[in-house]
Amino acid sequence: MIGLDDKQILASWQKNVSPWIDAIQYKQIESRVQVTDQAIIETVTSLSGNNVSGNGVSGKNVLDVGCGEGWLTRELTKTGLSVTGVDAVQGLVDKAKTLGEGDFRVLEYEQFSDKTIPQQYDIVVCNFSLIGNESVEHIFKVIPSILRDDGVLIIQTLNPHTGCGESAYVDGWREGSWDGFSQGFCDPAPWYFRTVESWMQLFINNGFVLADLKEPVNYRTGKPVSLILAGKLLSLPVVA
């Protein structure tokens with residue numbers, strides 16, 4: 001769609017820091033409370049060798065990309081994982097630092113590189129945080145350089161089949177909306193729609209093999225509310 005781009009996404013989130021923090025802290029987003037929060041926690045802990053009780057292999061390093069006010073970073077830390085949260089919005093990171101223990105930093109997606117993120121991780125998780133176009137493609141290109149061998153990239157995003165609405169099922173920019181949110185939100189961020197095939201192709205094109213695919217369902221509506229994809233980084237053979 002003409003006129004929509006990644007810069008507008010960041011501008012919108014910078015304006016909506018306070019209402020977003022309230023929405024998370026006061027559990028105002030039904031799909032997250034009922035389905036998607038637990039779904040991403042279970043996926044990360046399962047693929048890390050940990051479980052939601054905190055038992056399992058400790059010491060695994062996780063990078064939470066688009067951590068917001070840090071709820072997922074804190075929940076995963078409780079399971080014994082070592083988690084770093086990164087977000088492009090200063091106000092969200094500032095709030096994350098006040099809510100409990102955790103390592104948080106500000107970094108825009110376009111600045112991601114093996115120089116700005118020198119540490120390597122076992123898992124990179126992106127929970128509803130990949131909504132742009134060029135910025136998302138950049139993240140996928142960089143992540144292999146910051147993952148350890150056999151590392152895992154996990155994303156959760158709006159389910160394309162239910163999120164498509166009445167529009168054509170093709171990749172492209174869509175207008176944003178705060179429908180269902182509080183009146184405190186303004187200037188909704190646009191988002192770049194991708195089909196399931198396109199999400200899978202991003203993994204394949206950047207050296208990942210699909211390790212898991214889930215479509216968490218809201219059992220009240222009987223419809224999938226999200227798509228979770230996990231890709232394992234392929235270890236390339238050493239050429240003599």
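FYI, it's all coordinate maths here, none of it is from the lab. The structure presented is a predicted model; accordingly, all values stated were derived computationally and were not measured. Please note: Cβ atoms are built from the backbone with ideal geometry, for glycine as well, and neighbour counts cover all protein chains shown.
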Normalised per residue, the volume inside the convex hull of the alpha-carbon atoms of the chain in Å³ amounts to 134
Note to self, the chain gives a 222 nm [θ] from helices alone (DSSP H runs n ≥ 4, -39500 (n - 2.57) apiece, / all residues, nearest 500) of -9000 deg cm²/dmol
Violations at 21 Å Cα threshold for listed pairs LYS7/LYS141; LYS7/LYS27; LYS115/LYS141; LYS15/LYS97 -> LYS7/LYS27
Scalar couplings 3J(HN,Hα) for region 33-49 by Karplus 6.51 cos²θ - 1.76 cosθ + 1.60 (θ = phi - 60°), nearest whole Hz, x for Gly and Pro, are 5, 7, 9, 6, 4, 5, 4, 6, 4, 5, 5, 5, 5, 5, 6, 8, x
The summed charge of the ALA189 Cβ neighbourhood (under 13 Å; Lys/Arg +1, Asp/Glu -1) stands at -1
Taking 90-101, 31-42 and ranking on average Cβ neighbours within 10 Å, highest first, one gets 31-42, 90-101
P(r) of region 112-240 over all Cα-Cα pairs, 10 Å bins starting at 0, rounded to whole percent, reads 11, 38, 32, 15, 3, 1, 0
The extension gain from SER46 to CYS186, computed as 0.36 nm times the residue separation minus the Cα-Cα distance, is 46.7 nm
GNM of the chain, Cα pairs under 10 angstrom: of VAL124, VAL196, VAL65, the biggest fluctuation goes to VAL196
Per-residue Cβ contact counts at 10 Å, fewest first, order ARG220, ARG194, ARG148 as ARG220, ARG148, ARG194
For region 108-162, the Cα convex hull volume per residue in Å³ comes to 82
Here region 72-87 yields Karplus 3J(HN,Hα) values (6.51, -1.76, 1.60; θ = phi - 60°; whole Hz; Gly and Pro given as x) of 6, 4, 5, 5, 5, 4, 4, 7, x, 7, 9, 10, 10, x, 10, 8
Log10 I(q)/I(0) at q = 0.20 Å⁻¹ for region 1-47, from Debye over equal alpha-carbon scatterers, is -0.83
Expected max-MSF residue from TRP13, TRP178, TRP71 in the GNM of the chain (alpha carbon, under 10 Å) is TRP178
All alpha-carbon distances of region 1-128, grouped into 10 Å bins from 0, give the whole-percent distribution 12, 41, 35, 10, 1
Under 12 Å by backbone N from the virtual spin label 7 Å along Cα-to-Cβ at LYS223, the residues of region 129-165 are 159-165
Computed from the beta carbon distance with a Förster radius of 25 Å, FRET efficiency for ASP150 and ASP22 to the nearest 0.05 stands at 0.05
Ordered by fewest other Cβ atoms within 10 Å, a rough proxy for footprinting exposure, CYS67, CYS164 read CYS164, CYS67
